[in-house]
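Notes to accompany the following structure.
The values are calculated or read from the model by the stated rules, or taken from the named source; none is laboratory data. Treat the numbers as computed from the prediction; the structure is a model and nothing was measured. A quick note on method: Cβ atoms are made from the backbone with ideal geometry, for glycine too, and the neighbour counts reach across all protein chains shown.
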Amino acid sequence: MLRPTRIRERIMQENQVEIEMYFDKKTSKIKEAIRFALKEDAKMGYLIHFYAPFTGSDECVVPKGTGFVVTGPMRDDAFYVHRVGEHVYDDINLMLVRKAKDNEDEKLFKRLGGFSFFITEEQIKNLPLEFQSGSREILLSIISYMKHRWEL
């Protein structure tokens, strides 16, 4: 019977080749674009960046068809993603700006720097995503690596 450490090593070895094509383990950076689109409307989290020592967070419904590219790990169980394609500058941006203006102090709002979306492990597992490059399995393998890298 294999010990848990051996099982984890075996899983990591099986996914190693594919992971290394998309992810640099030394720098923890995405090397090859992993692109996906939402197959249905979905609630996603985002960070609100200000030109000040403050970052907020919230979530919003992102419409079906919105495309994203994974840009790197946010934490061990989530990735930063940037919107791509025809949806980059649309109603979502206007809605996020209005929401920030309504919820933030006017002085802070004037220092609004932008928004960063993220996708969590739970969302990767459960949201209906259509991948143009990479795959759900690759993202989950990278998350598995990130969670256990200190044990290897």
Go through the stretch 123-148 and give me each residue that's in contact with a strand residue (DSSP E or B) (Cβ under 9 Å, 6 or more places away or on another chain), part of a helix (DSSP H, G or I) and at pLDDT 90 or above.
-> Gln123, Ile124, Arg136, Ile138, Leu139, Ser141, Ile142, Ile143
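Within the stretch 52-111, can you find the residues that are of a type in the set (Lys, Arg) and closer than 18 Å to Ile124 by Cβ? Reasoning before the result, please.
Looking only at the stretch 52-111, we keep the residues that are of a type in the set (Lys, Arg), and these are 64, 75, 83, 98-99, 101, 107, 110-111.
Residues satisfying the conditions are Lys64, Arg75, Arg83.
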How many residues does the stretch 17-50 contain that are surrounded by 13 or more Cβ atoms within 10 Å (Cβ to Cβ) and of a type in the set (S, T, N, Q)?
-> 1
Single residue of the stretch 108-152 satisfying the filter (touching a His at 6+ places or on another chain (Cβ under 8 Å) and within 24 Å of Ala37 (Cα to Cα)) that is surrounded by the fewest Cβ atoms within 10 Å (Cβ to Cβ) = Gly114
Members of the stretch 51-84 found to be at pLDDT below 85 and either surrounded by 14 or more Cβ atoms within 10 Å (Cβ to Cβ) or part of a strand (DSSP E or B) (or both), listed by number | Thr55, Gly56
Can you tell me which residue among Ile48, Ile19 is part of a helix (DSSP H, G or I) and either touching a residue at least 24 places away in the same chain (Cβ under 8 Å) or not aliphatic (A, V, I, L, M) (or both)?
-> Ile19
Looking only at the stretch 98-122, which residues are assigned to a helix (DSSP H, G or I) and within 15 Å of the chain's Cα centre (by Cα)?
-> Glu121, Glu122
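Of the residues Ala33, Ala37, only one is of a type in the set (A, V, I, L, M) and assigned to a loop (DSSP other than H, G, I, E, B); which? Let's see the steps before the verdict.
On the way: Ala37 fails: assigned to a loop (DSSP other than H, G, I, E, B).
That would be Ala33, the only listed residue that is of a type in the set (A, V, I, L, M) and assigned to a loop (DSSP other than H, G, I, E, B).
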